[in-house]
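Asker: Below is the structure I would like to discuss, written out as structure tokens.
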Amino acid sequence: MKIFKSYSLIIVLLLTGCGNSTKPEEKSIYKRIKVENKQETKSTKVTPIDLENNGIGPINNYSFDKEINAELANQGKQIFDAKCTACHNANRRLIGPSMKGIYDRRSPAWVMNIMLNPDQMLKEDPVAVALLKEYNNILMINQNLTIEEAKKLAEYFRTL
């Protein structure tokens with residue numbers, strides 16, 4: 001019986017002593033990597049506001065009427081729901097930027113040109129290139145919108 005108790009005690013001591021196989025210095029390395037990754041995520045650069053840039057494309061300058069055209073905005077929402085929601089959300093960041101407050105960050109002409117001419121904009125426009133980097137180099141797909149569709153979307157974005 002005494003031998004059994006002695007062996008039981010040894011087994012218990014061995015098991016509790018071997019509970020974690022990583023060495024203390026390995027733990028600190030793992031923690032440091034996790035902390036560095038969190039800091040890297042927090043320090044993600046945000047593309048600066050640029051209201052002067054009109055982008056590259058068919059729209060040289062664009063301004064809105066004082067009043068929002070509800071009919072155009074409604075049609076723009078339908079286009080947005082059909083063509084844009086895979087990557088954009090009206091109110092929060094997804095694969096691409098949120099559309100809410102877009103005109104606080106970009107000029108209306110720039111917004112329309114990125115919708116109408118994303119391929120060239122993502123190669124040559126400095127703001128679009130910065131946004132491409134910020135959003136993990138995921139290209140905006142050319143939806144082949146007409147100028148009229150872009151105007152409807154632009155009007156819808158005003159309502160957000």
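The values are calculated or read from the model by the stated rules, or taken from the named source; none is laboratory data. What you see is a predicted model, and the numbers here were worked out from it, not measured in a lab. Glycine also receives a Cβ, built like all others from the backbone with ideal geometry; neighbour counts cover every protein chain displayed.
Asker: Out of curiosity, is Ile114 β-branched (Val, Ile, Thr), closer than 21 Å to Asn60 by Cβ and not in a loop (DSSP other than H, G, I, E, B)?
Answerer: In short, yes.
Asker: Still on this structure: Give Asp81, Asp119 a once-over and let me know the one that is assigned to a helix (DSSP H, G or I) and under 19 Å from Glu148 (Cβ atoms).
Answerer: The unique qualifying residue is Asp81.
Asker: Could you tell me whether Met140 is surrounded by 14 or more Cβ atoms within 10 Å (Cβ to Cβ) and either farther than 16 Å from Gly55 by Cβ or out of contact with any Asp or Glu (no Cβ under 9 Å at 6 or more places or on another chain) (or both)?
Answerer: No; evaluated as a whole, the condition is false for this residue.
For every residue, the table says whether it meets (1) at pLDDT 95 or above; (2) of a type outside the set (Ser, Thr, Tyr).
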| position | (1), (2) |
| --- | --- |
| Asn91 | no, yes |
| Ile95 | no, yes |
| Pro108 | yes, yes |
| Met115 | yes, yes |
| Met121 | yes, yes |
| Glu134 | no, yes |
| Ala150 | yes, yes |
| Tyr156 | yes, no |
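Asker: Taking only segment 97-136 into account, find how many residues are surrounded by fewer than 19 Cβ atoms within 10 Å (Cβ to Cβ) and not aliphatic (A, V, I, L, M).
Answerer: Selection size over segment 97-136: 15.
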